[in-house]
1. When the solvent-accessible surface of protein heavy atoms is calculated with a 1.4 angstrom probe, in what order do 42, 28 fall, highest first?
2. If we count every other residue with Cβ under 13 angstrom of residue 57's Cβ, Lys/Arg +1 and Asp/Glu -1, where does the sum land?
3. Got a sec to turn the phi values of the range 31-47 into Karplus ³J(HN,Hα) couplings, 6.51 cos²θ - 1.76 cosθ + 1.60 with θ = phi - 60°, whole Hz, x for Gly and Pro?
4. Which net charge results when you count Lys and Arg as +1 and Asp and Glu as -1 among the other residues whose beta-carbon is under 12 Å from that of residue 100?
5. Can you give the accessible area of residue 53 in Å² (nearest 10), computed on protein heavy atoms with a 1.4 Å probe?
Amino acid sequence: MKRALLLLPFLAACVAPVVPQQNVSVRHTASTETAGNGARWHLFLFDPREPRSLEARIALAKANLQPGCRWANRPRAEIEAQTASQGARFADTLLAAPLICRT
């Protein structure tokens with residue numbers, strides 16, 4: 001047990017943080033569905049040839065917000081559920097994100 005604890009810092013160093021990639025094409029559109037408190041769900045579309053984790057899609061979406069938009073604080077479970085509701089076909093290439101945008 002002690003030996004495993006000693007290795008923990010080395011194992012943690014192997015985990016790379018999710019960093020938005022440069023030169024990644026991200027498209028998004030506002031949906032008609034409200035996310036509450038002035039926010040609306042936006043659908044972010046990513047290259048279907050490169051599946052991404054939910055963390056990577058969130059990081060890319062946050063890094064590619066349109067001017068005048070900001071991320072609305074919603075629980076991760078709500079973001080996961082809204083993304084999943086778009087269909088299994090898009091599980092790794094789409095993100096439903098709550099944004100507040102000035103019009």
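The values are calculated or read from the model by the stated rules, or taken from the named source; none is laboratory data. Keep in mind that this is a model prediction, so the values were computed, not measured. Every residue, glycine among them, receives a Cβ derived from its backbone with ideal geometry; neighbour counts consider all protein chains shown. Protein only, heavy atoms only, side chains kept; ligands, DNA and RNA dropped before computing areas. Shrake-Rupley method; radii C 1.70, N 1.55, O 1.52, S 1.80 Å.
1. Working: 42 10, 28 45 Å².
Descending order: 28, 42.
2. On the way: positive: 27, 52, 62, 76; negative: 47, 50, 55, 80, 92.
Result for the local shell: -1.
3. Karplus values, whole Hz, x for Gly and Pro: 8, 8, 8, 6, 10, x, 6, x, 8, 10, 6, 10, 9, 9, 10, 10, 3.
4. Details: positive: 40, 70, 74, 102; negative: none.
Taking every Cβ under 12 Å from that of residue 100, the sum is +4.
5. 60 Å²
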